[in-house]
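S.K.: Below is a structure I'd like to ask you about.
The values are calculated or read from the model by the stated rules, or taken from the named source; none is laboratory data. Just so we're clear, the structure is a prediction, and the values are computed from it rather than from any experiment. Cβ atoms come from the backbone with ideal geometry, glycine included; neighbour counts cover every protein chain shown. The area values use the complete protein model at the heavy-atom level, side chains included, leaving out ligands, DNA and RNA. Shrake-Rupley method; radii C 1.70, N 1.55, O 1.52, S 1.80 Å.
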Amino acid sequence: MKAVAGVDLGGTAINYTIVNAQEQFLIKGLCEHPAHSTQGPEVCLRQIEDGLKIAVEKAGVRLDDVAAVGLDTPGPASASGILSARGSTNFVHADWAGFDIRKNLEARLGRPVTYLNDGNAGALWGHFAIFGADSRATSISAVIGTGLGGGVIVDGSVVKGKNGFGGELGHVLIPYQSIAGAEGLKPECNCGRTGDLESLCSLTAIAKTLLPCSLVRYPGHQLVKLDVNQAARLVRGMAEKGENGCSGKDTHHAPLAAMNILKN
């Protein structure tokens, strides 16, 4: 029985799904495995391979049954899966800069690998979930989590752009200087830009920029005593329950990475 695997590579976890030729998901929910992306590509790609072996066993198929793999990662990256030389969200190890993750994973697994950034994957999955797999509609998605992903679907297809930057809403520069209370703020994104949407609206932004800038004004605040990453998650939780209704929960896109192969 031939199948395809969807692999959603995040900063701390890899999520897998296995889909057969009838577009049936063979794993109930998702199969998660540690990513170790901060240790560099060699370690991380080995983690992907190890996790895939676990996933196919859970799906009840053999590894040899997997004809192809659909991969998504955080951007920015080219349309073919070459990570930005200036850095990529979550992948802060120096060896990731300019790394061709699709080509290297393909060589490691010995089977074809297709690529989407996770914002595009999330947008396509949401589009299909709402409009159906055969829809020719147009939609725009923004996914707020560790970073800020986005995607644009036109006539049922993902807009990747010439350099794979199409739909990267998180890396669009905004006039942050005009935001009330932004005085002294220098929001630097892991992609190398200053003042893009992700640098102001993401879990990373809370920990890296917003909390340090805010807490210096309130040295007696209870969050000052906490690790900044723990404090950032608490702030995100407060926002989830607040009037703005924003959601900081990471969206997993492994099902879409697999569906992308079947669609094309």
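S.K.: If residue 260 passes every condition in (1) surrounded by 18 or more Cβ atoms within 10 Å (Cβ to Cβ); (2) of a type outside the set (Gly, Ala, Ser); (3) at pLDDT 85 or above; (4) not in a loop (DSSP other than H, G, I, E, B) but one, which one does it miss?
M.R.: Tallying (1) surrounded by 18 or more Cβ atoms within 10 Å (Cβ to Cβ); (2) of a type outside the set (Gly, Ala, Ser); (3) at pLDDT 85 or above; (4) not in a loop (DSSP other than H, G, I, E, B), residue 260 fails exactly one: (3).
S.K.: Any residue that is in a loop (DSSP other than H, G, I, E, B), surrounded by fewer than 18 Cβ atoms within 10 Å (Cβ to Cβ) and acidic (Asp, Glu) - is there at least one of those in region 171-193?
M.R.: Yes - at least one qualifying residue is present in region 171-193.
S.K.: Can you find, within region 9-20, the residue that is nearest to the chain's Cα centre (by Cα) among those that are touching a residue at least 24 places away in the same chain (Cβ under 8 Å) and open to solvent by 10 Å² or more (accessible area, probe 1.4 Å)?
M.R.: 10
S.K.: In addition: I'm told residue 211 meets every condition in (1) open to solvent by less than 30 Å² (accessible area, probe 1.4 Å); (2) over 28 Å from residue 96 (Cα atoms); (3) hydrophobic (A, V, I, L, M, F, W, C) except one. Can you identify the failing condition by its number?
M.R.: Tallying (1) open to solvent by less than 30 Å² (accessible area, probe 1.4 Å); (2) over 28 Å from residue 96 (Cα atoms); (3) hydrophobic (A, V, I, L, M, F, W, C), residue 211 fails exactly one: (2).
Residues checked against (1) of a type in the set (Val, Ile, Thr); (2) in a loop (DSSP other than H, G, I, E, B); (3) farther than 28 Å from residue 159 by Cα:
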{"site": "23", "(1), (2), (3)": "no, yes, no"}
{"site": "33", "(1), (2), (3)": "no, no, yes"}
{"site": "47", "(1), (2), (3)": "no, no, yes"}
{"site": "68", "(1), (2), (3)": "no, no, no"}
{"site": "75", "(1), (2), (3)": "no, yes, no"}
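S.K.: Please count how many residues of region 102-118 are surrounded by 19 or more Cβ atoms within 10 Å (Cβ to Cβ) and in contact with a helix residue (DSSP H, G or I) (Cβ under 7 Å, 6 or more places away or on another chain).
M.R.: Of the residues in that region, 6 qualify.
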